[in-house]
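Read through the structure below, which is laid out as structure tokens, and then see the notes.
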Amino acid sequence: MSRQRSPYTLGFLDGLPFLLVIAPVGLLFGVVATEAGLDILQALAFSIVVIAGAAQFTAVALMQDQVPVLIVIATALAVNLRMAMYSAALTPFLGTAPLWQRALVAYLNVDQTYALASARYEDFPGWTVRQRVAYFLGAATPVCPMWYVFTVIGALIGAGLPDWLALDFAVPICFLAIIAPALKTLAHVAAAVTSVVLALALAVLPFRLGLLVAALAAMAVGAAVETWTARRAGRRAAA
Amino acid sequence: MSAPIDAATIWIVIAALGAGSWLIRFSFLGLIGDREMPPLAMRLLRYTPVAVLPGLVAPYVVWPDATGGEPDAARMLAALVTLGVGLWRRSMLPAVGAGAVTLYAVLALQAWL
């Protein structure tokens, strides 16, 4: 079946189910941004210009706590550092595409489109670079514009929501729901535990600097545990 | 309620975060080409989500603003259920659903008692 479909159409169909995630999270961002005092244009600008849910929530939460701008930016960018890995992983498949297409793919390179593309590029090793770009744009078509649309809807609903909804806790629940399935290996668990313990222990530091320190230490712990488990597995295989 | 966020701050953060995020996404694809990434860099980057997000969330779970920083059973239980269901089902949506149900159930119970 999929042989008759163009890569663009295949990407579009693959991207559709992600609306189940994009819609509620986009809605929530609109609501949370409005509650924090952003107007609709600012909330929408966030979703169009930054186009990264976790980093957007992080930035809004830190701004609300009156954290200095540079630390807001540094911490939110740290959340997005994983995308350098996505960029590196796509390079063997898309590296020879025209510059403007690579620039466009970079803009649309979010968790969902990356996950789909990296899986499908393995499924269809015969695709030309042009077809791969078409697939990527197809996957982004339902995902990215709907992120903007639901941000606006959320911002319109916005501050009218009552206190008993306890929306202060919607973002922590969302983040925990992202974190739990990501705890795939001992190294991931070690990184997460380090992050929690240090962030709480260093909460006395001003400007949420504790979070930045905790994150950097947790990355190092994750990498160290991975190195250690790989070495141990290698030794066991050799024995 | 905390003090309102200054409009200039919001626009600076949007612009800088947008530019920085795009540069991160463009980095290898655009500039570095298909040169190999150092393995240590890959190893560190793999852990950025689980290194940043848990530390970001932890204070909101332990010392929520809504209760003036007092630990709160509803929020803590909701956090544990979200984490547990997320680990069990390996999927985001059931975890969010279970966490929200727990939060509202315990909040309702607290209001009723």
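The values are calculated or read from the model by the stated rules, or taken from the named source; none is laboratory data. Bear in mind the structure is a predicted one, so any value in this text is a computation, not a measurement. Please note: Cβ atoms are built from the backbone with ideal geometry, for glycine as well, and neighbour counts cover all protein chains shown.
With the stretch A:47-100 as the region, which helices (runs of 4 or more DSSP H) entirely inside it contain at least 2 residues that are closer than 15 Å to A:GLY30 by Cα and assigned by the TED database to the domain that holds A:TYR148?
A:53-64
Against the definition (under 20 Å from the mean Cα position of the chain (by Cα), closer than 26 Å to A:ALA45 by Cα, of a type outside the set (Val, Ile, Thr) and at the interface with chain B (Cβ under 8 Å from one of its Cβ atoms)), how does A:ALA214 come out, yes or no?
no
Scan the helices (runs of 4 or more DSSP H) fully inside the stretch A:117-222 and keep the ones with 3 or more residues being outside the structural domain of A:GLY30 (by the TED database), at pLDDT 95 or above and buried (at least 22 other Cβ atoms within 10 Å of the Cβ).
A:186-201
Residues that are crowded, with 20+ Cβ neighbours inside 10 Å and modelled with pLDDT of 95 or more: list the helices (runs of 4 or more DSSP H) wholly contained in the stretch B:38-113 that include at least 1 such residues. Show your work before the answer.
Details: elements: B:39-45, B:48-62, B:73-89, B:92-112.
Because the criterion is at least 1 residues that are crowded, with 20+ Cβ neighbours inside 10 Å and modelled with pLDDT of 95 or more, the helices (runs of 4 or more DSSP H) in the stretch B:38-113 that meet it are B:73-89, B:92-112.
Can you find a residue in the stretch A:77-85 that is more than 7 Å from chain B (Cβ to nearest Cβ) and touching a residue at least 24 places away in the same chain (Cβ under 8 Å)?
No, because not a single residue in the stretch A:77-85 is more than 7 Å from chain B (Cβ to nearest Cβ) and touching a residue at least 24 places away in the same chain (Cβ under 8 Å).
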